[in-house]
Amino acid sequence: MNIYNYNSTASLIELLLAFKSTAVADIEYSIETNAKEALDEITQALQAHQADNSLFDAVDISDIANMGMQLFDHLNYKVKRSAEYTHLLNHIVLSFSFWLGSHGGTIPQLDFVVNTLATVSNATYERIGLEALYEAVTYIIAAVPEDIKSSSSTLGEGEPWKVLVLNYCIISTRTHNPELMKAAFDVLLEYFPADAPRFFQQGLNEMKQRDYPSQVEAVIERYSQQYPVT
């Protein structure tokens, strides 16, 4: 199983089945019968969608999204004492969010997904893993409800949507890929133009204190000069 593969429905189904055969089967965690049934239902829905997605409309995707996020949030609480099960569930949450974004769905519990992303990001160091996370966040952003995006200018610090976009920029910088950085920075400028100059300035200051590749520093220096703190 590729631990960095967030974009495959087959891998997501494999993860769900693995979670069922380990965490759900572990009597120590007392997973309720209705949660087990919901996990089976979501797995079967994904299998059916993979076989013929023409049978599913926007309402069906929304129903799967609501059921999935409620279930995963509940399971996260149930298995939080196990690092192994939590790691597996985190991967499921991000893969499921990717699936929603790639099939026109929206994420009903953004704070849960953003917190999961932060946990996974903080434990990811390899470039291949960071690039996979970047791709996942691209689709997660696509799955953020439009009413949240349209209220960007009124959001304060710590709001999940703002944290998501800032983490997108941080992950892009950690990939050391200038093209990914530019794309993420442009998303920040689109939705949070007032926060962008400070982010660029802080990023530039950090790079001068650390050994970042010159092409990475050049990108953030260009954005910092173009959008200075006033």
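The values are calculated or read from the model by the stated rules, or taken from the named source; none is laboratory data. Only a predicted model underlies this, so the values are computations on that prediction, with no experimental measurement involved. Cβ placement follows ideal geometry from the backbone for every residue including glycine, while neighbour counts extend to all protein chains displayed.
Quick notes on this structure:
- Residues satisfying the stated conditions in the range 115-135, i.e. aliphatic (A, V, I, L, M) and free of Cβ contacts under 8 Å to residues at least 40 places away in the same chain: Val120, Ala123
- The residues on offer are Gly68, Gly105, and the sole one that is under 22 Å from the mean Cα position of the chain (by Cα), in a loop (DSSP other than H, G, I, E, B) and buried (at least 21 other Cβ atoms within 10 Å of the Cβ) is Gly105.
So that you can scan it fast, the table gives a plain yes or no per residue for (1) within 30 Å of Leu89 (Cβ to Cβ); (2) not in a helix (DSSP H, G or I):
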position: Ile128; (1), (2): yes, no
position: Tyr139; (1), (2): yes, no
position: Trp161; (1), (2): yes, no
position: Ala184; (1), (2): yes, no
position: Leu188; (1), (2): yes, no
position: Ala194; (1), (2): no, yes
position: Ser224; (1), (2): no, no
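- Arg174 vs. criteria among the basic types (Lys, Arg) and either more than 18 Å from Leu133 (Cβ to Cβ) or part of a loop (DSSP other than H, G, I, E, B) (or both): no
- Annotation note: Cβ proximity below 7 Å between a residue of the range 136-156 that is touching a residue at least 40 places away in the same chain (Cβ under 8 Å) and under 17 Å from Ala194 (Cα atoms) and a residue that is assigned to a loop (DSSP other than H, G, I, E, B) and aromatic (Phe, Trp, Tyr) (sequence gap 6+ or interchain) occurs for Ser152/Phe192.
- Filter result for Leu180 (buried (at least 19 other Cβ atoms within 10 Å of the Cβ) and touching a Cys at 6+ places or on another chain (Cβ under 6 Å)): no
- Some residue of the range 15-32 being out of contact with any strand residue (DSSP E or B) (no Cβ under 7 Å at 6 or more places or on another chain), surrounded by 14 or more Cβ atoms within 10 Å (Cβ to Cβ) and closer than 17 Å to Leu100 by Cα: yes
Conditions tested, residue by residue: (1) surrounded by 14 or more Cβ atoms within 10 Å (Cβ to Cβ); (2) closer than 22 Å to Asn66 by Cβ.
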| residue | (1), (2) |
| --- | --- |
| Leu110 | yes, yes |
| Thr116 | yes, yes |
| Tyr125 | no, no |
| Ser152 | yes, no |
| Gly158 | no, no |
| Cys169 | yes, no |
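- Flag for Val79 being more than 15 Å from Ile13 (Cα to Cα), modelled with pLDDT under 95 and buried (at least 17 other Cβ atoms within 10 Å of the Cβ): yes
- Qualifying residue in the range 83-90 (condition: closer than 17 Å to Thr43 by Cβ, out of contact with any Asp or Glu (no Cβ under 9 Å at 6 or more places or on another chain), crowded, with 18+ Cβ neighbours inside 10 Å and not basic (Lys, Arg)): yes
- Figure legend. Inter-residue proximity from the range 9-22: first residues more than 12 Å from Leu89 (Cα to Cα), second residues small (Gly, Ala, Ser) and buried (at least 17 other Cβ atoms within 10 Å of the Cβ), beta-carbon distance below 7 Å, spacing 6+ or different chains. Indicated pairs: Ser11/Ser95.
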